[in-house]
Amino acid sequence: MTQAAKSLRISHVGLRGVVGSGLTASHVLDFAAAFGTFLDPGGAVVVGRDPRASGVMIREGLLAGLLACGHDVIDLGIAPTPVIQHSIRRRNAAGGVSIGASHNSAEWNALKFFGRDGTYLSTAEAGELLDIYHLKKFAFVDWTHIGHVTPEDRAIERYLDDLAANYDFAALRKFRVLVDCCNGTSSLILRRANERFGTEFILINEKIEGVRFAHDPSTTRDAVALQLAPLMKPLAADAGFLFDVDSDRVALAAEDGTPVSEEMVLPLLADYLLPRAPGKLIIANISSTALLEEIAARHGGKVVRVPVGRQAAIDALSTYRPEQIALAGEGTGAVMMPQFRFVYDGIASMLAVLSMLHESGRTLSQILNSYPKYSILKGQVPLVTQRIPALLMDLRERYSDGHVSVLDGLRVDWPGRWFHVRVSQTEPIVRVICEQQGDPPKELFESLLEEVRSFA
Amino acid sequence: MPREHLLKIGVSGIRGVVGDFLTPGLACAFAQAFGTYVGAGRVVVGRDTRSSGEMLHHAVACGLLAAGCDVVDIGILPTPTIQIFVGDTRARGGIAITASHNPPEYNALKLFNSEGLFFNSYERGELLDLYHQSDFRRATNEEIRRATSDYVTAPRLHIERVLRHVDAARIRQRRFRVALDAVNGAGSVMTVGFLRDTLGCDLHAISVDPTKPFPRIAEPRPDTLGDLSNLMRSSGAEIGFAQDPDGDRLAVADETGRVLDNDDVLALAVDAALRRLPGDVVVNLMTSSVIDEVAAAHGRRVYRTPVGEANVVEMMQAVKAVIGGEGSNGGIIFPAVHLCRDSYTGMAFLLERMAETGEPISALAARLPRFYRKIGKVAYEHGRLGSLMQALEESFPGVETDRSDGLKLILPAGAWIHVRASNTEPLLRMAAEARSEAEVEELYARVLSLFD
């Protein structure tokens, strides 16, 4: 595994890399032209970016490629990804692109592509886009049909209109909410929400930053524990939320200062949404907590487990009718709800949690403590690609007494306990996840790590 | 049309038909090579009014930012205005997105150094090698700088420079009735302001909408300026000006609506310049001998260069010339304003001469020595070029020759013959000039006879 291979990834998920050493201007131009070729001719494309400094360069290249293919561009400037997706539908655009590396560190950047309805491309569509990119035969138009750029500065306002139609901001005014923006785009929405709705979002790390973020922008319990959780009690906040840079993911801190596992966002929202959508489905990947099944069973819902990764969730969604689904998401704080036509939206997820507090009259820690205790352990081991099949075979034989699933890597279930070993799609590592009802499954976790390491 | 002419990447930069040939990817890569060559710092980007300009601007900005440069967008402006801004603000360099007088489906990148001048021929070679090697600087997130815009400073700097060398009050006093055809190009807004507001002219303008396509052939020549001639007659203007899409070239019509010979326009500008400042003159070797006569009247020397603005500019720097240009394509270069083709200096010079002398422009032109020119082209077979040139030289034994660009035979009394192979087609371009129509016909016929 060379260094170069770790700095650029071109896949069904789009284009992602470390700017300079991996991701270059030429990749951006070609991907933009490929997307411009992929979309229906003539339609407008919505473009926005997160605050990374490299986003300035990438935006220029993206605009050039789209204009050259005859698409007009609606330019939102610095904008949260859910707002970009919202604007695609509102402006009836042919598609959209979000420039930003979300929860990755500042030196990374990425392009995320959206179709006409504002949702991620399906795997089949993304495959077509990739083929055009590799073929490099782009549908450039002649000089009379080249597109033009129009700036749009009402996108956040219109997005807030839509949020206000789905959530009762007036009722949420009573909460004192602490938010760690991690120098990302969530501050743009929340500051405006305070002005417009009188809500009390207290923002930390709210300054938009292009180069140095206050901390690692991942939505994990560890990141919540850095600055957000310790401030909860001193500021007497009712709930705490941490957003990644482009605001599509969220993590939580309870009012007593406890950093909450990122795994809990999905079960919390399932508990909130299932009672009003009895019998509906929750789409989750096979690496997220088994608490979901318990909560689903309580409300007569059902969990559909899919492979890890955005594409699997997107593809699963498209195999059901929207009214069959209550919720879809991952154990990373990325959750889609039907209210927003299934878009990963950290802001909407936060408002749903706050609405839950309001409607139940309970505190966040009271709600969380009412759930059976599950303990999850996550680890990772650098991989040697050649030996992965042998590793998975070996583990499968060793743990053949459990229920085996090979949907994505290897998952083995026993009553009240499971583990999942899989290869990361974004980094050259093997991920090991182990969960148990009650106390942490330390012994199982350690022996799994040891076995995986023996193949490295 | 042969495919290869639709894209040309060479020491002059990159030029082609936008779409399948001049792609955003190529423009971005070329800009990144440029940014690598000039180094991290401010790089100015401006453009003419072509519909592909906005798209190419973004591609160029992407390449420059990727190389770690600060991008300063100065919007739609004439090329000389862009060059002056680069020099005056001491940027690392500048890029003008314009295909000058080429048809609207074309676009190109013109590249300038920190003084706002063309790179010399050696530098241009280095830059081209850098492009071909794809050996670009690739800035990281920490190293990537910003893109900013400033649409007002550049026109002001340019006009201020021109006004330092003309008596604007004198021109304003006359309240000249002036016609303008800006071809809906980069001069559309600025030239109207310059002639009407700065020089106080009673302006009658056509084709000054930068959002519209070019309404005529972009190159301002007598045969493309019918609309201007008509406007002259209907408005009763005393002088008419026509620009090309990027506002560096100038054509002039007299009060009768007749479009002047571009060599004569240059001669009038040379005369105006030499009345102001002492020094020599540089023109390309196809420019009329009228320049030599005008320079001689001021006791000044004329240097000749191969065809091409960059060649003229390079020589002008070397000999510290006070004026120069290329007759046939309407380029007037007055280094005291800036070492670039500048239609604004040309317009101001002619208006000032009219104010000074009180004479109509037709009379000023009529007082220039009269020369007659005939140009044409003929197909030739590969491999025969050398023997043709030799035969031509032998048929005029003992005359002075210039071989810097094809073959020029310098005959007595300002007559000359020039032949050179076209860079783009298997054609020989021929030109002859003499003091009488009969003589020029005879010279031209002697050249043609060599092809029998």
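The values are calculated or read from the model by the stated rules, or taken from the named source; none is laboratory data. None of these values were measured; they are calculated from a predicted model. Please note: Cβ atoms are built from the backbone with ideal geometry, for glycine as well, and neighbour counts cover all protein chains shown.
So how many residues does the range B:123-164 have that are β-branched (Val, Ile, Thr), under 30 Å from the mean Cα position of the chain (by Cα) and part of a loop (DSSP other than H, G, I, E, B)? Let's see the steps before the verdict.
Let us first name the residues in the range B:123-164 that are β-branched (Val, Ile, Thr), namely B:140, B:144, B:148, B:152-153, B:159, B:162.
Then keep just the ones that are under 30 Å from the mean Cα position of the chain (by Cα); that gives B:148, B:152-153, B:159, B:162.
Right, trim to part of a loop (DSSP other than H, G, I, E, B) and you get B:152.
Counting residues in the range B:123-164 that are β-branched (Val, Ile, Thr), under 30 Å from the mean Cα position of the chain (by Cα) and part of a loop (DSSP other than H, G, I, E, B) gives 1.
From the residues in the range A:134-152 that are among the hydrophobic types (A, V, I, L, M, F, W, C), more than 7 Å from chain B (Cβ to nearest Cβ) and touching a Gly at 6+ places or on another chain (Cβ under 8 Å), which one is surrounded by the most Cβ atoms within 10 Å (Cβ to Cβ)? Spell out how you get there, then give the answer.
Taking the range A:134-152 first, the residues among the hydrophobic types (A, V, I, L, M, F, W, C) are A:135, A:138-141, A:143, A:146, A:149.
From what is left, the residues that are more than 7 Å from chain B (Cβ to nearest Cβ) are A:135, A:138-139.
Filter once more, so that each one left must be touching a Gly at 6+ places or on another chain (Cβ under 8 Å): A:138-139.
On the way: A:138: 24, A:139: 17.
Top of the filtered list is A:138.
Criterion first (in the same structural domain as residue B:50 (by TED's automatic domain parsing), surrounded by 18 or more Cβ atoms within 10 Å (Cβ to Cβ) and touching a residue at least 12 places away in the same chain (Cβ under 8 Å)) does residue B:114 satisfy it?
On the way: in the same structural domain as residue B:50 (by TED's automatic domain parsing): yes; surrounded by 18 or more Cβ atoms within 10 Å (Cβ to Cβ): yes; touching a residue at least 12 places away in the same chain (Cβ under 8 Å): yes.
Spelling it out, residue B:114 is indeed in the same structural domain as residue B:50 (by TED's automatic domain parsing), surrounded by 18 or more Cβ atoms within 10 Å (Cβ to Cβ) and touching a residue at least 12 places away in the same chain (Cβ under 8 Å).
Just the residues that are in a loop (DSSP other than H, G, I, E, B), of a type in the set (Asp, Glu) and either in contact with a strand residue (DSSP E or B) (Cβ under 9 Å, 6 or more places away or on another chain) or buried (at least 21 other Cβ atoms within 10 Å of the Cβ) (or both), please, taken from the range A:173-231. Let's see the steps before the verdict.
So the first thing to find is which residues in the range A:173-231 are in a loop (DSSP other than H, G, I, E, B), and the list is A:173-175, A:181-185, A:198-199, A:205-220, A:227.
Subsequent filtering for residues that are of a type in the set (Asp, Glu) retains A:206, A:209, A:216.
Matches in the range A:173-231: A:206 only.
If residue A:52 meets every condition in (1) at the interface with chain B (Cβ under 9 Å from one of its Cβ atoms); (2) charged (D, E, K, R); (3) surrounded by fewer than 24 Cβ atoms within 10 Å (Cβ to Cβ) apart from one, which number is that one?
(3)
Being hydrophobic (A, V, I, L, M, F, W, C) and under 14 Å from the mean Cα position of the chain (by Cα) is the filter; apply it to the range B:244-268 and report the residue that is farthest from residue B:228 (Cα to Cα). Don't jump to the end; show me each part of the working.
Applying the first criterion (hydrophobic (A, V, I, L, M, F, W, C)) to the range B:244-268 yields B:250-253, B:259-260, B:265-268.
Cutting the leftovers down to under 14 Å from the mean Cα position of the chain (by Cα) gives us B:250-251, B:265-266.
Working: B:250: 13, B:251: 10, B:265: 16, B:266: 19 Å.
Looking at the filtered set, the residue picked out is B:266.
Tally the residues that are loosely packed, with under 14 Cβ neighbours inside 10 Å and not polar (S, T, N, Q), restricting the search to the range B:400-426.
6
Of all residues in the range A:205-232, which are within 14 Å of another protein chain (Cβ to nearest Cβ) and either of a type in the set (Asp, Glu) or out of contact with any His (no Cβ under 6 Å at 6 or more places or on another chain) (or both)?
Of the range A:205-232, the ones within 14 Å of another protein chain (Cβ to nearest Cβ) are A:208-213, A:217.
Residues satisfying the conditions are A:208, A:209, A:210, A:211, A:212, A:213.
Assuming residue A:79 fulfils every condition listed in (1) in contact with a Leu (Cβ under 9 Å, 6 or more places away or on another chain); (2) of a type outside the set (Ser, Thr, Tyr); (3) within 23 Å of residue B:138 (Cβ to Cβ); (4) more than 9 Å from chain B (Cβ to nearest Cβ) apart from one, which condition is it?
Among (1) in contact with a Leu (Cβ under 9 Å, 6 or more places away or on another chain); (2) of a type outside the set (Ser, Thr, Tyr); (3) within 23 Å of residue B:138 (Cβ to Cβ); (4) more than 9 Å from chain B (Cβ to nearest Cβ), the lone unmet condition for residue A:79 is (3).
Kindly indicate which of B:11, B:17, B:71, B:43 is away from chain A (no Cβ under 14 Å), hydrophobic (A, V, I, L, M, F, W, C) and out of contact with any His (no Cβ under 8 Å at 6 or more places or on another chain). Before the answer, list the steps.
Numbers: B:17 fails: away from chain A (no Cβ under 14 Å); B:71 fails: away from chain A (no Cβ under 14 Å); B:43 fails: away from chain A (no Cβ under 14 Å).
Of the residues listed, the single one that is away from chain A (no Cβ under 14 Å), hydrophobic (A, V, I, L, M, F, W, C) and out of contact with any His (no Cβ under 8 Å at 6 or more places or on another chain) is B:11.
Strands (runs of 3 or more DSSP E) wholly in the range B:291-334 with at least 1 residues that are buried (at least 24 other Cβ atoms within 10 Å of the Cβ), charged (D, E, K, R) and modelled with pLDDT under 95 - which ones?
Details: elements: B:302-305, B:323-326, B:331-333.
Qualifying strands (runs of 3 or more DSSP E): B:323-326.
Can you find a residue that is in contact (Cβ under 8 Å) with a residue 60 or more places away in the chain and farther than 20 Å from residue B:145 by Cβ anywhere in the range B:52-74?
Scanning the range B:52-74, I find no residue that is in contact (Cβ under 8 Å) with a residue 60 or more places away in the chain and farther than 20 Å from residue B:145 by Cβ, so the answer is no.
Could you list, in sequence order, all residues of the range B:20-39 that are away from every other protein chain (no Cβ under 13 Å) and in contact with an Asp or Glu (Cβ under 8 Å, 6 or more places away or on another chain)? Even if it seems obvious, please write down each step before you answer.
First pass over the range B:20-39, keeping only residues away from every other protein chain (no Cβ under 13 Å): B:37-39.
The answer is B:37, and nothing else.
If you check B:81, B:36, which single one turns out to be part of a helix (DSSP H, G or I), hydroxyl-bearing (Ser, Thr, Tyr) and touching a Phe, Trp or Tyr at 6+ places or on another chain (Cβ under 6 Å)?
Working: B:81 fails: touching a Phe, Trp or Tyr at 6+ places or on another chain (Cβ under 6 Å).
One residue alone meets the criteria, B:36.
Tally the residues that are in contact with a helix residue (DSSP H, G or I) (Cβ under 8 Å, 6 or more places away or on another chain) and assigned to a strand (DSSP E or B), restricting the search to the range A:45-93.
Matching residues across the range A:45-93 total 10.
Got a sec? Which of B:163, B:180 is away from chain A (no Cβ under 14 Å) and surrounded by fewer than 21 Cβ atoms within 10 Å (Cβ to Cβ)?
The conditions single out B:163.
Report the residue count in the range B:97-122 for those that are over 16 Å from residue B:32 (Cα atoms) and either more than 14 Å from chain A (Cβ to nearest Cβ) or assigned to a helix (DSSP H, G or I) (or both). Can you show your working first?
Initially, the range B:97-122 is screened for residues over 16 Å from residue B:32 (Cα atoms), giving B:98-107, B:114-122.
Still in the list and also either more than 14 Å from chain A (Cβ to nearest Cβ) or assigned to a helix (DSSP H, G or I) (or both): B:100-101, B:114-122.
Residues meeting the conditions: 11.
Select, from A:96, A:42, the only residue that is more than 10 Å from chain B (Cβ to nearest Cβ), part of a strand (DSSP E or B) and either more than 23 Å from residue B:30 (Cβ to Cβ) or modelled with pLDDT of 95 or more (or both). Outline the logic, then answer.
Values: A:42 fails: part of a strand (DSSP E or B).
A:96 is the lone residue from the list that is more than 10 Å from chain B (Cβ to nearest Cβ), part of a strand (DSSP E or B) and either more than 23 Å from residue B:30 (Cβ to Cβ) or modelled with pLDDT of 95 or more (or both).
Take residue A:367 and tell me if it is closer than 30 Å to residue A:167 by Cβ, of a type in the set (Val, Ile, Thr) and within 21 Å of the chain's Cα centre (by Cα). Show your work before the answer.
Details: closer than 30 Å to residue A:167 by Cβ: yes; of a type in the set (Val, Ile, Thr): yes; within 21 Å of the chain's Cα centre (by Cα): no.
Spelling it out, it is not the case that residue A:367 is closer than 30 Å to residue A:167 by Cβ, of a type in the set (Val, Ile, Thr) and within 21 Å of the chain's Cα centre (by Cα).
Find all pairs meeting these conditions: Cβ atoms under 7 angstrom apart; at least six residues apart or on different chains; first residue within the range A:1-22 and closer than 22 Å to residue A:312 by Cβ; second residue modelled with pLDDT under 85 and among the polar types (S, T, N, Q).
Once the first residue is closer than 22 Å to residue A:312 by Cβ and sits in the range A:1-22, its partners that are modelled with pLDDT under 85 and among the polar types (S, T, N, Q) give A:9/A:426.
Okay, residues lined up against (1) within 20 Å of the chain's Cα centre (by Cα); (2) over 20 Å from residue A:348 (Cβ atoms):
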residue	(1), (2)
A:241	yes, no
A:247	yes, no
A:257	no, yes
A:261	yes, yes
A:281	yes, no
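One line per residue, one yes/no per condition, for (1) charged (D, E, K, R); (2) within 19 Å of residue B:346 (Cα to Cα):
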residue: B:201; (1), (2): no, yes
residue: B:210; (1), (2): no, no
residue: B:222; (1), (2): no, yes
residue: B:233; (1), (2): yes, no
residue: B:240; (1), (2): no, yes
residue: B:249; (1), (2): yes, yes
residue: B:256; (1), (2): no, no
residue: B:260; (1), (2): no, yes
residue: B:273; (1), (2): no, yes
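Conditions (1) hydrophobic (A, V, I, L, M, F, W, C); (2) part of a helix (DSSP H, G or I); (3) under 30 Å from residue A:88 (Cβ atoms), marked per residue:
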residue	(1), (2), (3)
A:349	no, yes, yes
A:368	yes, yes, no
A:372	no, no, no
A:379	no, no, no
A:391	yes, yes, no
A:394	no, yes, no
A:412	yes, no, no
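Between a first residue in the range B:245-257 that is closer than 27 Å to residue B:109 by Cα and modelled with pLDDT of 95 or more and a second residue that is assigned to a loop (DSSP other than H, G, I, E, B) and of a type in the set (Val, Ile, Thr), which pairs have beta carbons less than 8 Å apart while being 6 or more apart in sequence or on different chains?
Every condition considered, the pairs that remain are B:245/B:49; B:245/B:98; B:245/B:183; B:246/B:98.
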